[in-house]
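Q: Below is one structure. I have some questions about it.
The values are calculated or read from the model by the stated rules, or taken from the named source; none is laboratory data. Just so it is clear, the model here is predicted, and its values are computed rather than measured. Using ideal geometry, Cβ is built from the backbone for each residue, glycine included, and neighbour counts are taken over all protein chains shown. We work out accessible area using only protein heavy atoms, side chains counted, and drop any ligands, DNA or RNA first. Shrake-Rupley method; radii C 1.70, N 1.55, O 1.52, S 1.80 Å.
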Amino acid sequence: EIDAQIIDLLSQRFEVVKKVWEYKKLHNLPPLQPERWGQVLSSKKQLAKQYGINPDLVENIWNEIHAEALKIEE
């Protein structure tokens, strides 16, 4: 059941990505904002540490999520 919830949450997240892309297009913002991405990744790794999860694992997962988000925003 937890795995199904993870998939559902990913689906919800990518729906938000589509909305963010519309905003970015409307305001002529690039899909990739390296400084912002660095902040996001850093915060997720900190959160992983707080939960006792390997931050490298979380970094890998978030890099994959981000790569997919960039495909949506192209």
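Q: Mind checking the angle between helix 55-72 and the chain's longest principal axis? C-alpha axes, 0 to 90 degrees, to the nearest 10.
A: Once rounded, the angle reads 20 degrees.
Q: Right, here's the next one. By how many nm would the segment from Leu26 to Ile65 grow when fully extended, if each residue of separation counts as 0.36 nm and the alpha-carbon distance is taken off?
A: Numbers: separation 39, 0.36 × 39 = 14.04 nm, distance 2.30 nm.
Length difference between fully extended and current span is 11.7 nm.
Q: Using a simple charge model, +1 on the beta-carbon of Lys and Arg, -1 on the beta-carbon of Asp and Glu, nothing else, what dipole does the chain show about its Cα centre, in debye to the nearest 20? Kindly include the intermediate steps, with their values, before the conclusion.
A: Details: 10 positive and 12 negative charges, 74 e Å.
Taking the Cα centre of the chain as origin, the dipole is about 360 debye.
Q: On a 22 Å Cα-Cα criterion, which of the cross-link pairs Lys24/Lys45; Lys19/Lys71; Lys24/Lys49 come out too long?
A: Numbers: Lys24/Lys45 26 Å; Lys19/Lys71 14 Å; Lys24/Lys49 31 Å.
Listed pairs above 22 Å: Lys24/Lys45; Lys24/Lys49.
Q: Something else: Could you work out the relative contact order of region 3-74? I mean the mean sequence separation of Cα pairs under 8 Å and 6+ apart, divided by the number of residues, in percent.
A: Details: 29 pairs, mean separation 26.9, N = 72.
Normalised by residue count, the contact order of region 3-74 is 37 percent.
Q: Here are several values of volume of the Cα convex hull per residue in Å³: [x] 90; [y] 128; [z] 76. Which one was derived from the coordinates shown?
A: For volume of the Cα convex hull per residue in Å³, the calculated option is [x].
Q: Next question. Once the Cβ-Cβ distance between Lys49 and Lys18 is put in as r, and R0 is 35 Å, what FRET efficiency do you end up with, to the nearest 0.05?
A: Working: r = 31 Å, r/R0 = 0.87.
With R0 = 35 Å, the Cβ-Cβ based efficiency is 0.70.
Q: Would you mind computing, in nm to one decimal, how far apart the modelled labels at Leu41 and Leu57 are, each placed 7 Å from Cα along Cα→Cβ?
A: 2.0
Q: If you don't mind, there's one more thing I want to ask. In the chain, if the dipole is taken from +1 on Lys/Arg beta carbons and -1 on Asp/Glu beta carbons about the Cα centre, which of Ala69, Trp37, Gln5 is farthest to the positive end?
A: Trp37
Q: With every protein chain left in place, what is the accessible area per residue of the chain in square angstrom, probe 1.4 Å?
A: On the way: 5820 Å² over 74 residues.
Accessible area per residue, the chain: 79 Å².
Q: Quick one: which of 18-28, 54-64 comes out on top by average Cβ neighbours within 10 Å, and what's the full order, highest first?
A: Values: 18-28: 10.7, 54-64: 13.1.
The packing order, highest mean first, is 54-64, 18-28.
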